[in-house]
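The values are calculated or read from the model by the stated rules, or taken from the named source; none is laboratory data. Note that the structure is predicted; figures quoted are calculated from it, not measured. All Cβ positions, glycine included, derive from the backbone under ideal geometry; neighbour counts span all protein chains shown. Heads up: the accessible areas ignore ligands, DNA and RNA and are worked out on the full protein's heavy atoms, side chains in. Shrake-Rupley method; radii C 1.70, N 1.55, O 1.52, S 1.80 Å.
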Amino acid sequence: MQRYDVVVAGLGPVGAVLALRLTAAGMSVLVVERSSSVYPLPRAIAADDEVQELLDRTVPGVLAPMLHHREVRFVSGARELGRILFPSSARGYCGLAFFHQPSLEASLRQALTCPVRLGTEVTGLEQDASGVTVRLGSSERVRASWLVGCDGAGSAVRRLTGIAWHGRDLAQRWLVVDTVGSFHDGFTYTCDPAMPSVDMPMPGGHRWEFLLRPGAVAPVVPLEVVRSVEYRFGARRAASWANGRVLLAGDAAHTMPPFAGQGLGAGIRDAWALGALLPAGRVAEYQRLRAPHVREMTRLSLLVGAVLQAQHGSAVRDAVLAGAFRAPGLGAWLSRGGPRRPSSGVLELR
Ligand SMILES: Cc1cc2nc3c(=O)[nH]c(=O)nc-3n(C[C@H](O)[C@H](O)[C@H](O)COP(=O)(O)OP(=O)(O)OC[C@H]3O[C@@H](n4cnc5c(N)ncnc54)[C@H](O)[C@@H]3O)c2cc1C
């Protein structure tokens, strides 16, 4: 049986960053990915300054194709309710950058030097005090000191380890559409009670996310649709992110709706943290270090989603939000990003 220090299950962005970090720390790593290609449909698009720095430190230059330093506007009808310009970090990373997730994943994959088994599924595991025997496909087995499930929200590793999945899936259905060509420069939350939406630029195109309410009609824009998909978002967390020698990271450990652009960021922070803690034998600190920030960002995502989706009380929402952005002190705080907290503490881990 082949032996490794770590088997990483799942080569999404989180698995890729983790494998790169562990390999750089001198560990032997095998990555196992069920699919034979990068997931092509629209998902993450926005990264805060800490996430940009983590990605840039993992693969220098990977931020180059991103659109940097963009403004966020809340609008309702013709009225602008407020504006946010997230400040840059002390080390010069801008407060908000937009990217194309499949291209980012392809760049991360290109940098990998460890063995990668595409088109191979983790189907079973047995662990003991010294490690984990991982079943791949129908019969092959490999042995590792650690198995990390970076295998997304439907994580097989989480299920096979018997870790409970708390939280809920939200009832609303969202249509996510990517187009080619430029539309406008900034990120807009359109607080329209008939059809709330967000839209933002991305390299080479523009993204829309529409809440599908009965009778809602999407605006007509003169751009070509390249991808579209319907999602129901969730806010969930694994009861435990570690069970013996099996760990969870990214969407396998927690999910949140995308309204604050923090889901992938949380996973990148997990990968960075584990990339330091695993080689140092400090795995016991992992969940304690990461869970508070994930909880905070999940609450923020749900709050932004609730503000955006207010229907019957939308006039009150508009008045309160516009008032808050104009209020002395509070307005300046909100305009710099308010409760979004990019400093999660993981950058201090080398
Ligand atoms: C519409 C939308 C917009 C979003 N916007 C943002 C945003 O702006 N900013 C942000 O930070 N986040 C955003 N997110 C969240 C972000 O996309 C996810 O958090 C992120 O993709 C999760 O990465 P991951 O690597 O943990 O999981 P995934 O990307 O899901 O990767 C998991 C991988 O594991 C593989 N796999 C599954 N099972 C097995 C198995 N048994 N064996 C081997 N491999 C397996 C899968 O094939 C997959 O490649 C958004 C999400 C959506 C849906």
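Considering only residues that are in contact with a Cys (Cβ under 7 Å, 6 or more places away or on another chain) and within 6 Å of the ligand (Cβ to nearest atom), which ones fall in the stretch 1-17? Explain how you work it out, then say what you get.
First pass over the stretch 1-17, keeping only residues in contact with a Cys (Cβ under 7 Å, 6 or more places away or on another chain): 8-10, 12, 14-15.
Residues satisfying the conditions are A9, G10, G12, V14, G15.
Considering every residue within the stretch 52-74, establish whether at least one is within 12 Å of the ligand (Cβ to nearest atom), closer than 28 Å to V157 by Cβ and not polar (S, T, N, Q).
yes
Conditions tested, residue by residue: (1) in contact with a strand residue (DSSP E or B) (Cβ under 6 Å, 6 or more places away or on another chain); (2) exposed (fewer than 15 other Cβ atoms within 10 Å of the Cβ); (3) part of a helix (DSSP H, G or I).
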{"site": "G281", "(1), (2), (3)": "no, yes, no"}
{"site": "E285", "(1), (2), (3)": "no, yes, yes"}
{"site": "L289", "(1), (2), (3)": "no, no, yes"}
{"site": "M297", "(1), (2), (3)": "no, no, yes"}
{"site": "A306", "(1), (2), (3)": "no, yes, yes"}
{"site": "H312", "(1), (2), (3)": "no, yes, no"}
{"site": "A319", "(1), (2), (3)": "no, yes, yes"}
{"site": "F325", "(1), (2), (3)": "yes, no, yes"}
{"site": "P328", "(1), (2), (3)": "no, yes, no"}
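Please count how many residues of the stretch 138-160 are within 12 Å of the ligand (Cβ to nearest atom) and surrounded by 15 or more Cβ atoms within 10 Å (Cβ to Cβ).
Taking the stretch 138-160 as the starting set, the residues that turn out to be within 12 Å of the ligand (Cβ to nearest atom) are 147-160.
Next, from what is left, pick out any that are surrounded by 15 or more Cβ atoms within 10 Å (Cβ to Cβ): 147-153, 155-158, 160.
Residues that pass the stated criteria total 12.
Okay, residues lined up against (1) farther than 19 Å from S301 by Cα; (2) within 15 Å of the ligand (Cβ to nearest atom); (3) of a type in the set (A, V, I, L, M); (4) buried (at least 23 other Cβ atoms within 10 Å of the Cβ):
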site: A218; (1), (2), (3), (4): yes, no, yes, no
site: A239; (1), (2), (3), (4): yes, no, yes, no
site: H254; (1), (2), (3), (4): no, yes, no, yes
site: I268; (1), (2), (3), (4): no, yes, yes, yes
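Before we move on, is G275 more than 8 Å from the ligand (Cβ to nearest atom) and open to solvent by 40 Å² or more (accessible area, probe 1.4 Å)? First the steps, then the outcome.
Values: more than 8 Å from the ligand (Cβ to nearest atom): yes; open to solvent by 40 Å² or more (accessible area, probe 1.4 Å): no.
No, not satisfied.
Please work out if V116 is at pLDDT below 95, within 12 Å of the ligand (Cβ to nearest atom) and in contact with a strand residue (DSSP E or B) (Cβ under 6 Å, 6 or more places away or on another chain). Please lay out each step first, then the result.
Values: at pLDDT below 95: no; within 12 Å of the ligand (Cβ to nearest atom): yes; in contact with a strand residue (DSSP E or B) (Cβ under 6 Å, 6 or more places away or on another chain): yes.
In short, no.
Limited to the stretch 119-137, what total is found for residues that are open to solvent by 70 Å² or more (accessible area, probe 1.4 Å) and within 12 Å of the ligand (Cβ to nearest atom)? Write out each step before concluding.
We begin by selecting, within the stretch 119-137, every residue open to solvent by 70 Å² or more (accessible area, probe 1.4 Å); these are 121, 126, 128-130, 135.
Remaining after also requiring within 12 Å of the ligand (Cβ to nearest atom): 121, 135.
The number of residues fulfilling the criteria is 2.
Of everything in the stretch 241-252 that's buried (at least 16 other Cβ atoms within 10 Å of the Cβ) and more than 12 Å from the ligand (Cβ to nearest atom), which residue is nearest to V198 (Cα to Cα)?
W241
Mind checking which pairs have a first residue in the stretch 30-50 that is more than 9 Å from the ligand (Cβ to nearest atom) and a second that is of a type in the set (F, W, Y) and in a strand (DSSP E or B), Cβ under 8 Å, 6 or more apart or different chains?
Filtered contacts from the stretch 30-50: L30/Y4.
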